[in-house]
Each structure stands twice: as C-alpha cells, then as structure tokens.
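So the structure is just underneath, and the comments pick up after that.
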Amino acid sequence: MTAELVDAVLAGSRRALARLLTRIENGEPGTQEALADLFPHTGHATVIGITGAPGTGKSTLVNALAGAFRAEDRTVGIIAVDPTSPFSGGAILGDRIRMQDRSGDPGVFIRSMATRGSLGGLARAVWDAIRVMDAAGFDVILVETVGAGQSEVDIVRVAHTTVVVEAPGLGDDVQAIKAGILEIADVLVVNKADRGGASSTVRALKAMLELGHPLARSRLMGQYEAAHHLAASPVAADIPDATWVPPLIQTIATSEDSGKSGITELVHAIASHKRFLVDSGLMAVLEAQRIQLEVYERLQSELMRRFIHALPAERVQTVVMQVRARTLDPQQAVFALLDTVGEGN
Ligand SMILES: Nc1nc2c(ncn2[C@@H]2O[C@H](COP(=O)(O)OP(=O)(O)O)[C@@H](O)[C@H]2O)c(=O)[nH]1
Ligand SMILES: [Mg+2]
C-alpha cells in the first residue's frame, strides 16, 4: 500500500501526493517507510522560506512568486504553515482563496498545514512534507510561515533562502521590526510599497542592516547547537569567510504589472543568494550542519522514547515522592531513574 503510494508520488500523481501528505500530517503508520523510500529522490528542490508578521502580504507574495517561477517553466510546491488550530480556520481559508489563482495549473501544488503537535517551531510534518514535495519533483518549494515565536527561527533550518516580509503601517517602524527576524533574513522585502509609510519602513530597515549581518545563519546554527548541548558541527570551523548583505526589495504583491510589482527583482535577489551560497561553499557547510542537527534531534527523541518505555511508571512516582520529601534532589532523581534502566554510570 505504502509502496504503491510512493511509486505514484514519484510518477507525479498529485492525488497520491495529497494522500501521502495527509497521512504524514496525521502520523499514520507506514509513513516512516514512505519517507525512507522517498529520501534518495530528495535534494533537488530549491526551498524558499517566506516569513513575517500576519497581514504583511506573505500569501499574496507567494502567489506572485509562484507565477514568476511558472513563467520560467519551473514547477512550484507551496506549503502554508499556519500556527493556529485547523479548526479556527480563518487564515487557512484565506490562504486558499488568495492562492486559488494557481489552482488550475498542474505545475503548482498547494498545501496548508497546521503546526499542531510540534515540539516548538516547525512541526516535523512540515519538514517531511518539504521532503515529499522535493521527491515529487517540484523545482521550487515555497514555505510560508508566520514569523511568530520559534518558527521564524526554524525556517532557516529548512530553507536555502529565507525571505523576511515587512509592511508599512504595522506599528511604528523599528518597533515592529524584531531584531530576531532580521537576523534570519537572506532577502528583505518591504511589501505594500503602494502604501504610505513604505519609505520610512525602508529607511528603518536600512539603518538596521548597516549594523551588519555577517554569516548570521551559521551563527544561528551555532547558537542552536549550544542550546541543545550538541557538539559543534565538525564543519563549523570551515565556514567560508564570505559575507552576504541581504538586499532590500520593495514589492507590491497585489500588482499585476511586473514592472511595478518588484517580483522580478525579488526573484533575482533569491537567485543571487543561492549563487552566493554555492560559490562561497556555504551551501555545503549549511547542509552538513542541518543534517547533523536533524540526526541529533531525532536521536534525542528516540532515546527519550525508549527510556520512558523501559521505565516502570511506579518507579517515577517513587522518585517524585522522594524529591517532594526532600530526600532526593532533582538531579539525583535523574540519576536514580537512569540507574533503574541500567543507563546510569
Ligand atoms: N495595498 C496592498 N495590499 C496588499 C499587498 N500585498 C498584500 N496585500 C493585502 O494585504 C492583505 C493580507 O495579505 P496576505 O497575503 O493574506 O498576508 P499574510 O497574512 O502575510 O499571508 C490582503 O488583503 C492582501 O490583498 C500590497 O502589495 N499592497
Ligand atoms: Mg498568509
């Protein structure tokens, strides 16, 4: 059953793709095998993250970008990640409506996903969905995420290029622009350039950019590794000495006029960034860091799962009571639990 589905996905069936993505999102059995079978077919797509506050025009921009890539005859997979419950609905429905321009085109595949069940940040299902779309042969995968909380930082872990979208009028310029989100921008967009206030947003962003942006991405990876007590990536020492200053592009995502919309410039900026990554050698470094992080994270959760499975529940209760009685401190409790399953030393 799973093998048939995988074959159909590889053969380009959109129905099979949709079904597999649903199974992945629901965590149904057999999806691990499907992902393993698809994995050798991945690694070809260009993954572009589009992130920013709600209402900045990300979905509209994604739709316009999809059009531009289609004009270059490249196929496009779109994943719109909505952090809210699928039942609250509004945003997902809105995305569907805005993106429906493309829905008649077999070269575009759109999927909305919720981040429910994730351990913070992008849900594992989103990562898996990107891989599935990659294996299904899409040239470009656009991932829209709301720049809120951890997910804005997480997007850099899956995207080759992260586009941060700002818009005028979302509070007082610099105030609205969180430093954290600027750090992850490979390309900065001020959308709604037709609106008053766009030039002051541009000015504020330019001022912040002048503070420098050396290798923010690799630094981010380093911080992440440190936070998770992971060994530094063995390739970290080899980070090439190259700097990328994120270009700032003004767009009017709602404009049909390609001379005015800024979409052509945005496509060029994304392409230049990719060229920079490849030419500087950073692409290879980032990929190695990504894989190492993912393997560590999967290892972490698998070890935890096995450990909890092996641990008798009443043993946990006993230890908790001992900590409550102050006869054991929490760290000693951890060692006591590790001893129980023979993991202590
Ligand atoms: N004036 C103007 N409105 C825009 C532009 N881009 C998007 N919008 C509108 O802004 C609203 C929010 O857009 P949407 O793409 O859903 O934003 P998202 O929440 O970031 O995905 C919609 O009503 C869009 O039509 C733009 O460039 N100019
Ligand atoms: Mg949206």
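The values are calculated or read from the model by the stated rules, or taken from the named source; none is laboratory data. Keep in mind it's a predicted model, so treat the numbers as computed, not measured. Neighbour counts run over all protein chains shown; Cβ positions are idealised from the backbone, glycine included. Calculation scope for accessible area: heavy atoms of the full protein, side chains included, ligands and nucleic acids excluded. Shrake-Rupley method; radii C 1.70, N 1.55, O 1.52, S 1.80 Å.
In segment 54-66, the count of residues that are open to solvent by 10 Å² or more (accessible area, probe 1.4 Å), at pLDDT below 90 and within 16 Å of ligand 1 (Cβ to nearest atom) is one or more. Taking the criterion of being under 25 Å from Ala45 (Cα atoms), modelled with pLDDT of 85 or more and of a type outside the set (Val, Ile, Thr), the residues of segment 232-253 that qualify are Trp244, Pro246, Pro247, Leu248, Ala253.
Residues that are more than 23 Å from Thr46 (Cβ to Cβ) and not small (Gly, Ala, Ser) were ranked within segment 254-294; the one that is surrounded by the most Cβ atoms within 10 Å (Cβ to Cβ) is Thr254. Considering segment 281-345, the qualifying helices (runs of 4 or more DSSP H), each wholly inside and each with 2 or more residues that are in contact (Cβ under 8 Å) with a residue 40 or more places away in the chain, run over 282-310.
Take segment 314-344 and flag every residue that is over 16 Å from Met304 (Cβ atoms) and β-branched (Val, Ile, Thr). Passing the criteria: Thr318, Val319, Val320, Val323, Thr327. Across segment 25-47, the qualifying residues are those that are of a type in the set (Val, Ile, Thr) and touching a Lys or Arg at 6+ places or on another chain (Cβ under 9 Å), and the one among them that is modelled with the lowest pLDDT is Thr31. Each residue in segment 319-329 was checked for being loosely packed, with under 13 Cβ neighbours inside 10 Å and either among the acidic types (Asp, Glu) or touching a helix residue (DSSP H, G or I) at 6+ places or on another chain (Cβ under 6 Å) (or both), and 1 of them qualify. Any chance segment 76-98 includes a residue that's of a type outside the set (S, T, N, Q), touching an Asp or Glu at 6+ places or on another chain (Cβ under 9 Å), modelled with pLDDT of 85 or more and away from ligand 2 (no atom under 14 Å from the Cβ)? Yes, segment 76-98 contains at least one residue that is of a type outside the set (S, T, N, Q), touching an Asp or Glu at 6+ places or on another chain (Cβ under 9 Å), modelled with pLDDT of 85 or more and away from ligand 2 (no atom under 14 Å from the Cβ). Quickly run through segment 27-53 and pick out the residues that are among the polar types (S, T, N, Q), farther than 23 Å from Ile263 by Cα and buried (at least 17 other Cβ atoms within 10 Å of the Cβ). Once the filter is applied, which keeps residues that are among the polar types (S, T, N, Q), farther than 23 Å from Ile263 by Cα and buried (at least 17 other Cβ atoms within 10 Å of the Cβ), segment 27-53 yields only Thr31. Residues that are within 16 Å of ligand 2 (Cβ to nearest atom) and in a helix (DSSP H, G or I) do occur in segment 38-59.
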